[in-house]
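The values are calculated or read from the model by the stated rules, or taken from the named source; none is laboratory data. Here the structure is a predicted model, which means the values were calculated and not measured. So basically every Cβ, Gly included, is an ideal-geometry build from the backbone, and we count neighbours across all protein chains shown. Surface areas here come from the heavy atoms of the whole protein model, side chains and all, with no ligands, DNA or RNA. Shrake-Rupley method; radii C 1.70, N 1.55, O 1.52, S 1.80 Å.
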Amino acid sequence: MDAVALEEPRRRSIPISNRWGEGTLSVLDFGDPNRPVDLVFVHANGFNAYTYKRLLQPLSAGLRIWAPDLRGHGQTRLPLHIATRRNWHDHRDDLISLLMSMDGPPVAMAGHSIGGVSSLLAAAEVPQRVSKLLLLDPVIWGRLTVGLFGLPLLGRMPSKVPIVKSTLRRRSVFESREQAFQSWRGRGAFKGWPDAVLSDYVSGGLIETDKGFELACSPAWEASNYASQGHNPWRAMRRFRGDIHLMKAGVGSLCVPGKNTVPSHVRVETVEGGGHLFPMTHAERVRDALYDLAV
């Protein structure tokens, strides 16, 4: 493999100022820094850009890729407004700011779970900056459910679901990175992950503090992302007219849309045998789709 594909990504800090507050968005920059960005890749809830390093790194031989840490994740430093959140418009607007800061032609965007939905929401607002989309098991409920979540009172329903309650109980501080690695290895959501990918998640997802090694994405913020479902990805899907490739998990998908329920510019594919975290367990298939998207 070309040596450039094995280089560590550079870390950039992009100033962000929008209605959600001011701060910096941390971005991993893969590939030749002298060429325009080809692809923006956005991670899933609770993770960070560095988790996907081994997925993206081989592509950097021929592509330049930016992978941001979303608000409340990794090394991004932006205000969090948990009490008043009802949707993912903060993530959408941060990505819009990132897209508008970039030189060069429109970029391809890809995202996993919340990253896919946030990318879709952003692309619908600034379609002149995005050429096409790859959505990896994005969290998209049925149209009726999305409508109910948008109502003032019924919009609070997601806060009652079990995943929100269990996330709030999650351990957030460890004595060492090794302790965290061993506590997660082969368990729960990390079952089936290669050790190297889990190690990357640990590297990017823990911050050393005076308490120990603390989750960069706090359980409260991760739970807030699960609970804040008042955005409308169906409307965004109609508004963005570029090609959309939607890859759904074959097992336990969080994505409702099927081949017969989406607009004609949306292609739906199922990753048989893959769960919601198939970018970690089926990396070659996802990498091929990313390459096809960006070239």
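Within region 41-55, identify whether any single residue is out of contact with any Pro (no Cβ under 9 Å at 6 or more places or on another chain), open to solvent by less than 10 Å² (accessible area, probe 1.4 Å), of a type in the set (A, V, I, L, M) and under 30 Å from residue 196 (Cβ atoms), and answer yes or no.
Within region 41-55, not a single residue is out of contact with any Pro (no Cβ under 9 Å at 6 or more places or on another chain), open to solvent by less than 10 Å² (accessible area, probe 1.4 Å), of a type in the set (A, V, I, L, M) and under 30 Å from residue 196 (Cβ atoms).
Return the total of residues in region 226-276 being open to solvent by less than 30 Å² (accessible area, probe 1.4 Å), closer than 28 Å to residue 167 by Cβ and touching a His at 6+ places or on another chain (Cβ under 7 Å).
Selection size over region 226-276: 4.
Return the only residue of 94, 137 being in contact (Cβ under 8 Å) with a residue 60 or more places away in the chain and closer than 21 Å to residue 55 by Cβ.
137
Just checking, which of 71, 85, 35 is open to solvent by less than 10 Å² (accessible area, probe 1.4 Å), over 21 Å from residue 245 (Cβ atoms) and of a type in the set (Lys, Arg)?
Sole residue among the options that is open to solvent by less than 10 Å² (accessible area, probe 1.4 Å), over 21 Å from residue 245 (Cβ atoms) and of a type in the set (Lys, Arg): 71.
Considering only region 11-28, I want to know if a residue exists there that is among the acidic types (Asp, Glu) and surrounded by fewer than 24 Cβ atoms within 10 Å (Cβ to Cβ).
yes
Just to be sure, is residue 163 among the β-branched types (Val, Ile, Thr), touching a Phe, Trp or Tyr at 6+ places or on another chain (Cβ under 8 Å) and under 30 Å from residue 263 (Cβ atoms)?
Considered against the rule, which asks whether it is among the β-branched types (Val, Ile, Thr), touching a Phe, Trp or Tyr at 6+ places or on another chain (Cβ under 8 Å) and under 30 Å from residue 263 (Cβ atoms), residue 163 comes out as yes.
Going through 183, 203, 218 one at a time, which residue ends up being closer than 23 Å to residue 90 by Cβ, among the hydroxyl-bearing types (Ser, Thr, Tyr) and modelled with pLDDT of 95 or more?
218
Looking at this structure, is residue 279 under 20 Å from residue 132 (Cβ atoms), open to solvent by less than 30 Å² (accessible area, probe 1.4 Å) and assigned to a helix (DSSP H, G or I)?
yes
From the list 6, 28, which residue is among the aliphatic types (A, V, I, L, M) and at pLDDT below 95?
6
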